[in-house]
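Data first, discussion second: the structure below is written as structure tokens.
Here, each number is a calculation from the coordinates, and none is a lab measurement. Predicted, not measured: the structure shown is a model, and the values here were computed from it. Virtual Cβ from ideal backbone geometry, glycine too; neighbours counted across all protein chains shown.
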Amino acid sequence: MKVTFITGNQHKVKEARGIFQHFDIRLEHLNLGYPEIQGELTDVACYGAKYAAKKLGMPVIVEDAGLFIRALEGFPGTYSSYVQSTLGNEGILKLMKNVHDRYAEFRSVVGFATPKTEPEIFLGVVGGHITHQQKGKHGFAYDPLFKPELYDLTFGELTIEKKNELSHRRQSLEKFANWFKDIVENID
Ligand code: ITT
């Protein structure tokens with residue numbers, strides 16, 4: 001089985017390849033670019049999947065993700081990409097200085113669409129805590145700041161294989177993969 005993933009983020013591609021290999025799905029990657037509308041992750045993923053599927057004339061997946069920090073009322077959330085390239089991790093740590101409640105969630109929404117069908121949506125969430133300093137060189141973006149629940153290491157300290165066992169992206173892509181396998185088997 002083949003799936004085409006539309007993203008400009010190479011880290012996402014690498015993680016998705018690792019996750020899909022458990023499901024016998026071969027991932028093809030295209031950096032098409034799609035308009036990211038304002039709204040919830042689900043709105044962005046739906047719109048992006050529909051747009052890319054129509055434009056390319058084939059089924060595609062897109063993924064919209066973000067880090068939602070409870071004490072900051074969900075910030076950076078849907079602005080995660082922009083905030084990462086402006087404030088960066090040190091900026092987040094400054095905002096979290098003297099903040100006691102450090103709970104945060106990574107959320108991922110995968111959108112699948114074909115040129116003729118409405119998008120299907122798959123959600124993944126992983127809870128954890130914002131550390132007091134950056135730790136680890138693995139992963140990307142907010143990974144060195146985020147310690148998943150029940151772990152004493154940040155995503156930045158975990159290998160890609162370990163992160164892939166428990167991440168928000170693992171959950172959303174796994175839900176998609178199980179659904180997709182069923183569909184393909186029923187067509188054959
Ligand atoms: P595409 O839209 O092209 O897929 P992107 O990097 O812009 O790539 P998003 O719009 O989904 O992706 O932005 C989400 C941002 O949230 C991303 O750029 C990172 O800064 C952050 N993020 C998402 N998942 C992450 C993860 O697993 N680890 C660390 N940071 C993550």
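Overview of values
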item	result
Cα-based shape type of segment 3-69, given that a ≥ b ≥ c are square roots of the gyration tensor eigenvalues and the cut on a/c is 1.5	oblate
Mean Cβ count within 10 Å, highest first, over the residues of peptides 64-76, 166-178	166-178, 64-76
Measure of compaction for segment 108-188 (Cα Rg per 2.2 N^0.38 Å)	1.35
Positive minus negative residues near ASN178 (Lys, Arg vs Asp, Glu; Cβ under 14 Å)	-2
Cut-off 10 Å between beta-carbons: net charge of the residues surrounding HIS29, Lys and Arg +1, Asp and Glu -1	+2
For the chain, radius of gyration divided by Kirkwood radius, i.e. Rg to Rh on alpha-carbons	0.98
Debye, to nearest 20: dipole size of the chain, +1 on Lys, Arg Cβ, -1 on Asp, Glu Cβ	440
Over the chain: helical MRE at 222 nm, DSSP H runs n ≥ 4 each giving -39500 (n - 2.57), nearest 500	-11500 deg cm²/dmol
Proxy reagent accessibility, fewest Cβ within 10 Å first, across GLU185, GLU105	GLU185, GLU105
Entries in LYS14/LYS54; LYS14/LYS175; LYS50/LYS163 that, when Cα-Cα distance is taken, lie over 21 Å	LYS14/LYS54; LYS50/LYS163
